[in-house]
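Asker: Got a structure for you, written out below as structure tokens; questions coming shortly.
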């Protein structure tokens, strides 16, 4: 696997030098690897949000990407630091559930980051991004392998699985995240258009379903019925609708305003998609 | 034209992985091209703000820059996706007015981005940044030409032209944007110092004027008179003044505080610059 | 000294194209040098905050880093523009105190940036980031030396020195900054663990002290006693404690919440660390 870039996701924000310090260290170890910021605005310690954004991003990043993931409220405790290989991509970060979603439907191999040769000497108890994870990403980009980092692991910590119940003519799920536009991501998907029909293949367990004529779909959230549309601009002003977003998940969206604000929906609120 | 960098401007914000996904795609197509973020904080769907920031930036970017511009409220509708060449720079984005300001005083050639060879197969209706514009920028950096992307276009959609009326001893214009310091940009300019005199050359139509002795300039906004100064630090605390900013436009500014907040001015408010 | 990267710190924010314009200019002069953002969110004109973040970052950046520092409320006035060499790193920015902290315990040499060959012709009075500092960083990365930029300087402007008083069994200092997590940085440090003991070496003047058994340390802020811990996760929910952060300074922190908000502490508030 040829390394193509290091893609970073953290909750470090943009006010402090923490992210840049990690980049400086990478540059001193493997100067030629391109560095890409996914986001550093994961809410403080919000592992579930980190897991979702990582799932969103990893599907569209090229083979050879090394994901450097530091949402790590347990830094300095016994939680393991890991190196994970899946779908020709590498994932580096704490074993706290951050990799839960991107591992759905995927084979993987995993190793512990324990070899001190690839860590800062005299590592701190408060900034493993600098002392363990950034060096690991840089050395991985320089072709250090899982076996060199540490011993093989068989299990990873996982977040609870989002609801996704498949009935005849009905999918039941929940709100799992949102974006800065106020679009709400549901656990219902992934969908792909086949002309005006929809091919469903569960992003969680791969089970499949075929829905004829997407235009007849109905969405129910919070005791409200919403129409199903194909583009943001076909949603009526100040109202909301469902559409298949760029991830293939059903999203609840508005037209140049925030569906989250208009509907007052929160994470975990139930969503039903039905058809005849 | 040798490509020097890809410069990105979007309204995608920094919380979500959208910008990084575009960068991942570019890196997989043309890995060696430097990527520069202009801003991703254009207010949601604010084409006029996008057009202004693009004008600000493009004047100071080097030849060979490929601008990747995605402020695209009409994504998925019939609005065209375009490739534009002007002043030894390339501009890629939706044909919705985003290029209005940077085309003032400039020749250009324009093509439609329609060749599916340079797009993601099975393009979504909600994320052309990923499916059409990022690949186009990457292929442009790899020397794909306008003719290869699609057919030549003769017209582009334009925003209304900002007010800029030239009378004897008087320029009338309006507030057209602001920056995060709270400095207000007016449509009056561009100016260049010639010792203590000012050479005016309209940023919109190129018409020219020479003003002797800049120190005698008077500014009127909102029935208030403001002095004209040369540096931020020569403005009195908690008051405002006009000065020639780094773009050459007349700006209304304060000294380490926000002129926008102090004066309560909004976009489109009138501004008059006069002299004897 | 081989240049490794240009690391940027400004108060320009992320809404405007100012940072990108500096990067475009650097790319046109020295295209191959990696560019790293430290932060652009220094509060407007807050030189002390800039000095602190620069100190934090510079300790962990590799040799050969060129720091491009633009927190410059005096732009256009008589304040000097400088090139500074210290600890195999280069620092470029205004002589307004921004380099105060990173010069503690360090030898340095300094030159004025006055040679017009390495500046934009017809430099503005409002954006030296574009006209003077970015070109200087790019030329420094291309191996232009201090002597080529201008004449040698013997003195730099300095901020007031933070309080750090060393008594027997007692250190007195103050809050000097915070991060986006709400952790508060004190002037007490730097500390390094030697097993369970702490080696103190003043970050300001290098004076040394050895503290046996860190677990007996007591912290007093605002008439409150706080415990001393080693990791964020060992702090009780909704309470605060002191710990040695990744810089080696004593930090006042909370567990997944903001110590700043919980304690209502501000910059300059006194902090006492004592032991038996």
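Asker: Considering C:171, C:250, C:217, which residue is in contact with a strand residue (DSSP E or B) (Cβ under 8 Å, 6 or more places away or on another chain), buried (at least 19 other Cβ atoms within 10 Å of the Cβ) and either within 25 Å of residue A:12 (Cα to Cα) or within 14 Å of chain A (Cβ to nearest Cβ) (or both)?
Answerer: Answer to the check: C:250.
Asker: Another question about this same structure. Give the stretch C:209-220 a look and list any residue that's assigned to a loop (DSSP other than H, G, I, E, B) and within 23 Å of residue C:269 (Cα to Cα), or say none.
Answerer: Step one: list which residues in the stretch C:209-220 are assigned to a loop (DSSP other than H, G, I, E, B), which gives C:212-213, C:217.
Matches in the stretch C:209-220: C:217 only.
Asker: Out of the residues in the stretch A:39-56 meeting the condition of being at the interface with chain B (Cβ under 8 Å from one of its Cβ atoms) and assigned to a loop (DSSP other than H, G, I, E, B), tell me which one is nearest to residue C:33 (Cα to Cα).
Answerer: A:40
Asker: If I ask for residues that are in a strand (DSSP E or B) and touching a helix residue (DSSP H, G or I) at 6+ places or on another chain (Cβ under 6 Å), which ones from the stretch C:177-203 would you list?
Answerer: Of all residues in the stretch C:177-203, those in a strand (DSSP E or B) come to C:177-178, C:184-186, C:191-194, C:197-201.
Listed by number, the residues that qualify are C:177, C:178, C:184, C:198.
Asker: Which of the numbered conditions does residue B:46 fail, given that it passes all the others? Conditions: (1) free of Cβ contacts under 8 Å to residues at least 24 places away in the same chain; (2) out of contact with any helix residue (DSSP H, G or I) (no Cβ under 8 Å at 6 or more places or on another chain); (3) within 25 Å of residue C:17 (Cβ to Cβ).
Answerer: So residue B:46 meets the others, but not (1).
Asker: Same structure again: Identify the residue in the stretch B:62-74 that is more than 13 Å from the chain's Cα centre (by Cα) and assigned to a loop (DSSP other than H, G, I, E, B) and, among all such residues, is surrounded by the fewest Cβ atoms within 10 Å (Cβ to Cβ).
Answerer: Across the stretch B:62-74, the extreme among qualifying residues is B:63.
Asker: If residue A:1 satisfies every condition in (1) outside any loop (DSSP other than H, G, I, E, B); (2) more than 20 Å from residue C:255 (Cβ to Cβ) but one, which is the exception?
Answerer: Result: residue A:1 fails condition (1) only.
Asker: Follow-up. Looking only at the stretch C:114-136, which residues are more than 14 Å from chain B (Cβ to nearest Cβ) and within 14 Å of residue C:6 (Cβ to Cβ)?
Answerer: Residue satisfying the conditions is C:136 alone.
Asker: Another question, then. Which numbered condition trips up residue B:59, out of (1) in a helix (DSSP H, G or I); (2) surrounded by fewer than 24 Cβ atoms within 10 Å (Cβ to Cβ); (3) in contact with a strand residue (DSSP E or B) (Cβ under 6 Å, 6 or more places away or on another chain)?
Answerer: It fails just one condition, (3).
Asker: Only one of these is within 14 Å of another protein chain (Cβ to nearest Cβ) and either in a strand (DSSP E or B) or modelled with pLDDT of 95 or more (or both): A:242, A:206. Name it.
Answerer: Values: A:206 fails: within 14 Å of another protein chain (Cβ to nearest Cβ).
That would be A:242, the only listed residue that is within 14 Å of another protein chain (Cβ to nearest Cβ) and either in a strand (DSSP E or B) or modelled with pLDDT of 95 or more (or both).
Asker: Continuing with this model, one more query. Given the structure, is residue A:208 without any contact (Cβ under 8 Å) to a residue 12 or more places away in the chain and touching a strand residue (DSSP E or B) at 6+ places or on another chain (Cβ under 6 Å)?
Answerer: Numbers: without any contact (Cβ under 8 Å) to a residue 12 or more places away in the chain: yes; touching a strand residue (DSSP E or B) at 6+ places or on another chain (Cβ under 6 Å): yes.
In short, yes.
Asker: Return a yes/no flag: does the stretch B:100-120 have any residue that is at pLDDT below 95 and either over 20 Å from the mean Cα position of the chain (by Cα) or under 12 Å from residue B:25 (Cβ atoms) (or both).
Answerer: yes
Asker: Here is a follow-up. Out of all the residues in the stretch C:1-12, which are more than 9 Å from chain B (Cβ to nearest Cβ) and either touching a helix residue (DSSP H, G or I) at 6+ places or on another chain (Cβ under 8 Å) or at pLDDT 95 or above (or both)?
Answerer: Initially, the stretch C:1-12 is screened for residues more than 9 Å from chain B (Cβ to nearest Cβ), giving C:1-10.
Once the filter is applied, which keeps residues that are more than 9 Å from chain B (Cβ to nearest Cβ) and either touching a helix residue (DSSP H, G or I) at 6+ places or on another chain (Cβ under 8 Å) or at pLDDT 95 or above (or both), the stretch C:1-12 yields C:3, C:4, C:5, C:6, C:7, C:8, C:9, C:10.
Asker: I need the full set of residues from the stretch C:13-38 which are within 27 Å of residue C:143 (Cβ to Cβ) and either in a loop (DSSP other than H, G, I, E, B) or more than 11 Å from chain B (Cβ to nearest Cβ) (or both), in order please. It would help to see each step written out before you state the result.
Answerer: First, pick out the residues of the stretch C:13-38 that are within 27 Å of residue C:143 (Cβ to Cβ): C:18-38.
Those that are within 27 Å of residue C:143 (Cβ to Cβ) and either in a loop (DSSP other than H, G, I, E, B) or more than 11 Å from chain B (Cβ to nearest Cβ) (or both): C:30, C:31, C:32, C:33, C:34, C:36, C:38.
Asker: Somewhere in the stretch A:18-29, is a residue under 15 Å from the mean Cα position of the chain (by Cα) and either on the phi > 0 side of the Ramachandran plot or at pLDDT 95 or above (or both)? Break it down stepwise before answering.
Answerer: Of the residues in the stretch A:18-29, the ones under 15 Å from the mean Cα position of the chain (by Cα) are none.
No, there is no match, as no residue in the stretch A:18-29 is under 15 Å from the mean Cα position of the chain (by Cα) and either on the phi > 0 side of the Ramachandran plot or at pLDDT 95 or above (or both).
Asker: Would you be able to say whether some residue in the stretch C:158-167 is touching a helix residue (DSSP H, G or I) at 6+ places or on another chain (Cβ under 7 Å), in contact (Cβ under 8 Å) with a residue 24 or more places away in the chain and not assigned by TED's automatic domain parsing to the domain that holds residue C:255? Explain how you work it out, then say what you get.
Answerer: Step one: filter the stretch C:158-167 for residues touching a helix residue (DSSP H, G or I) at 6+ places or on another chain (Cβ under 7 Å), giving C:159.
Now narrow it down to the ones that are in contact (Cβ under 8 Å) with a residue 24 or more places away in the chain: C:159.
Next cut, not assigned by TED's automatic domain parsing to the domain that holds residue C:255 only: C:159.
Yes, the stretch C:158-167 contains a residue that is touching a helix residue (DSSP H, G or I) at 6+ places or on another chain (Cβ under 7 Å), in contact (Cβ under 8 Å) with a residue 24 or more places away in the chain and not assigned by TED's automatic domain parsing to the domain that holds residue C:255.
Asker: Tell me the strands (runs of 3 or more DSSP E) entirely within the stretch C:75-135 that contain at least 3 residues that are in contact (Cβ under 8 Å) with a residue 24 or more places away in the chain and surrounded by 20 or more Cβ atoms within 10 Å (Cβ to Cβ). Steps first, please.
Answerer: On the way: elements: C:81-86, C:89-94, C:109-112.
Output list reads C:81-86, C:89-94.
Asker: On to the next question. Is it the case that residue B:29 is touching a helix residue (DSSP H, G or I) at 6+ places or on another chain (Cβ under 8 Å), more than 14 Å from residue B:157 (Cα to Cα), surrounded by fewer than 24 Cβ atoms within 10 Å (Cβ to Cβ) and touching a residue at least 12 places away in the same chain (Cβ under 8 Å)?
Answerer: Working: touching a helix residue (DSSP H, G or I) at 6+ places or on another chain (Cβ under 8 Å): yes; more than 14 Å from residue B:157 (Cα to Cα): yes; surrounded by fewer than 24 Cβ atoms within 10 Å (Cβ to Cβ): yes; touching a residue at least 12 places away in the same chain (Cβ under 8 Å): yes.
Answer is yes for this residue.
Asker: On the basis of being part of a strand (DSSP E or B), modelled with pLDDT of 95 or more and away from chain C (no Cβ under 14 Å), does residue B:165 make the cut? Break it down into steps so the answer makes sense when it comes.
Answerer: On the way: part of a strand (DSSP E or B): yes; modelled with pLDDT of 95 or more: yes; away from chain C (no Cβ under 14 Å): yes.
Criteria met by residue B:165.
Asker: So for the stretch C:221-233 (the condition being under 26 Å from the mean Cα position of the chain (by Cα), crowded, with 21+ Cβ neighbours inside 10 Å and assigned to a helix (DSSP H, G or I)), does at least one residue qualify?
Answerer: Yes - at least one qualifying residue is present in the stretch C:221-233.
Asker: While we're on this one: Any idea how many residues of the stretch C:136-153 are touching a strand residue (DSSP E or B) at 6+ places or on another chain (Cβ under 9 Å) and buried (at least 22 other Cβ atoms within 10 Å of the Cβ)?
Answerer: 6
Asker: Could I ask something else about it? Let me confirm something: among B:60, B:117, which residue is more than 30 Å from residue C:128 (Cβ to Cβ) and in the same structural domain as residue B:21 (by TED's automatic domain parsing)?
Answerer: B:117
Asker: Still on this structure, please answer the following. Look at the stretch C:248-271 and say how many of its residues are touching a helix residue (DSSP H, G or I) at 6+ places or on another chain (Cβ under 6 Å) and over 16 Å from residue C:171 (Cβ atoms).
Answerer: Qualifying residue count, the stretch C:248-271: 3.
The values are calculated or read from the model by the stated rules, or taken from the named source; none is laboratory data. A quick note: this is a predicted structure, and the numbers were derived from the prediction, not measured. Note that we place each Cβ from the backbone using ideal geometry, even for glycine, and neighbour counts take in every protein chain shown.
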